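Enquirer: Shown below is the structure under consideration.
The values are calculated or read from the model by the stated rules, or taken from the named source; none is laboratory data. Everything quoted here is computed from the prediction, not taken from an experiment. All Cβ positions, even for glycine, are placed from backbone atoms using ideal geometry, and neighbour counts span all protein chains on display.
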Amino acid sequence: MTEATQPALTIDALGKKCPIPIIMLAEQINYVPLNAVVAVLADDPAAFTDVPAWCRLKSHRHVGSYELPQGGWAIHVRRNY
Amino acid sequence: MACHEWDHRSVAYFDAASTEPLHPQAREALLAAIDVGWADPARLYNQARRAHLLLEQARTEVAEALGARPDEVTFTSSGTQAVHLGLLGTLQGRRRAGRHLVTSAVEHSSVLHAARLHERDGGSAELVGVDRLGRVDLSAFTEAVARPDTALACLQTANHEVGTVQPVAEAAAACRRHGVPLLVDAAQTAGRMPLPEGWSVLTASAHKWGGPPGVGVLAVRKGTRFRSFLPEDERERRRVPGFENVPGIVAAAAALRAMTADAARERSRLSALVGKIRETVPKVVPDVEVIGDPDDRAPHIVTFSCLYVDGEALLTELDKAGFAVSSGSSCTASTLRPSHVLEAMGVLTHGNVRVSLPRGASAAEVDRFLTVLPELVHRIRQDAGVA
């Protein structure tokens, strides 16, 4: 579990529709130190595709997406710069 | 009229991938055929023979345009019905060979829904993934086709949402090697691009080439096993039940003839306009991803996604500014899920806009689109607090 670092910040975007989870992530990723992980909790199916796509476009790292017991995912993103 | 309102003449219609406006020659043919082609083409009196003749002339023309023999071509009530009948009829005909169906993950919903029905009926279906450009993974497709119980493979000529052309010729070669029929869904390219060879079953939709709604095409190559799963009916070589829409079919053939005659010139003209949109949008709109293959693509389709933008808000603003476009974003669809095509490609699904240019779309309209778009995107981002 080298990659699955404990998140430095958790963004609760449950119940929010895309693009709001992405907007919250873009706003808050700079609150964590370099190489720290942000967890986005989201249950809009669009977020499952859009958070990794955002990471690719913005050159951050999508660490993984983990299903939540109540539905939705914790989508982990590592701040690269 | 207030300046922010647009009547239908000043709206730039950029949604040809949903439906191409009726071609004037199709309109003319439709009106004429309603008057003379209304009778039952299966009967033996004068009016019936006239309807029969019109139907068979249309069949011959459509067959020629699609590279088929007239007796291979049947008319359905829509492209979706052509896919349903073609897919399930071929699976039924090949039942003894096996019950495995192979398609790409980015096929039209009519294919995927028919595949699901096949699964509920005890068959199996494999959706082969695509790369970031939306092109099917050919080696995975080939491997799936090689499975001994594969009854049918299915691939579109070009993707309806992002325009990427699929490697149909290569897929057809793989199918031929393994004795598996290939259904090719040509809905987005029939009448616009030369059709690939090697299909066993071909489906298309007339309203996408400027024909009227209510006419689809199902062509089945001689020698392809096919058995309709529907109750018996004498019409259309027992493949498609119900009274033929002769006026609609005549108009569809007229539109296909007109579109095909113009296709080479119009293809390069529209493709250049699409190229301009692909090139300009990332320069004038920050944080945007243009999607699909930049070169190997349908001539008239371009799709892009704007980061942090609600697709429905953007469509509404574009509509107010006089542009008819569509979107694969979930918030604009009746379902809660985003487009399965964008999901399979792993590209942004929100803020998505598909521009698809109809015959005759002008450079001036495209320029106006490129002028208006940056301001609209900026305003929506400002409202969301991200600009």
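Enquirer: Can you tell me which residues in the range B:190-222 are crowded, with 24+ Cβ neighbours inside 10 Å, of a type outside the set (A, V, I, L, M, F, W, C) and more than 14 Å from the chain's Cα centre (by Cα)?
Expert: The answer is B:SER200, and nothing else.
Enquirer: Now for a separate question. What strands (runs of 3 or more DSSP E) completely inside chain A contain at least 2 residues that are in contact with a Lys or Arg (Cβ under 6 Å, 6 or more places away or on another chain) and away from chain B (no Cβ under 12 Å)?
Expert: A:61-67
Enquirer: Which residues, counting only those in the range B:334-368, are surrounded by fewer than 17 Cβ atoms within 10 Å (Cβ to Cβ) and β-branched (Val, Ile, Thr)?
Expert: Of everything in the range B:334-368, just one residue is surrounded by fewer than 17 Cβ atoms within 10 Å (Cβ to Cβ) and β-branched (Val, Ile, Thr), namely B:THR335.
Enquirer: Right, next: Counting only residues that are assigned to a loop (DSSP other than H, G, I, E, B) and over 17 Å from the mean Cα position of the chain (by Cα), which one in the range B:161-189 is surrounded by the most Cβ atoms within 10 Å (Cβ to Cβ)?
Expert: Once the filter is applied, the top-ranked residue is B:PRO181.
Enquirer: Going residue by residue through the range B:318-335, is there one that turns out to be under 24 Å from A:PHE48 (Cα atoms), more than 10 Å from chain A (Cβ to nearest Cβ), in contact with a helix residue (DSSP H, G or I) (Cβ under 9 Å, 6 or more places away or on another chain) and not in a loop (DSSP other than H, G, I, E, B)?
Expert: Yes, because at least one residue in the range B:318-335 is under 24 Å from A:PHE48 (Cα atoms), more than 10 Å from chain A (Cβ to nearest Cβ), in contact with a helix residue (DSSP H, G or I) (Cβ under 9 Å, 6 or more places away or on another chain) and not in a loop (DSSP other than H, G, I, E, B).
Enquirer: Mind checking which residues of the range B:277-314 are without any contact (Cβ under 8 Å) to a residue 60 or more places away in the chain, in a helix (DSSP H, G or I) and either in contact with a Gly (Cβ under 7 Å, 6 or more places away or on another chain) or away from every other protein chain (no Cβ under 14 Å) (or both)?
Expert: The answer is B:ARG278, B:GLU279, B:LYS283, B:GLY311.
Enquirer: Given the conditions (1) modelled with pLDDT of 95 or more; (2) surrounded by fewer than 24 Cβ atoms within 10 Å (Cβ to Cβ); (3) over 30 Å from B:ALA344 (Cβ atoms), report the number of the one that B:ALA254 does not fulfil.
Expert: Evaluating B:ALA254 over (1) modelled with pLDDT of 95 or more; (2) surrounded by fewer than 24 Cβ atoms within 10 Å (Cβ to Cβ); (3) over 30 Å from B:ALA344 (Cβ atoms) leaves (2) as the failure.
Enquirer: Give me the residue from the range B:281-327 that is among the polar types (S, T, N, Q) and farther than 14 Å from B:ARG379 by Cβ and, out of that set, surrounded by the fewest Cβ atoms within 10 Å (Cβ to Cβ).
Expert: B:SER326
Enquirer: Would you confirm whether or not the range B:354-365 contains a residue that is free of Cβ contacts under 8 Å to residues at least 40 places away in the same chain, of a type in the set (D, E, K, R) and in a loop (DSSP other than H, G, I, E, B)?
Expert: Within the range B:354-365 (the criterion being free of Cβ contacts under 8 Å to residues at least 40 places away in the same chain, of a type in the set (D, E, K, R) and in a loop (DSSP other than H, G, I, E, B)), the answer is no, since none of the residues qualifies.
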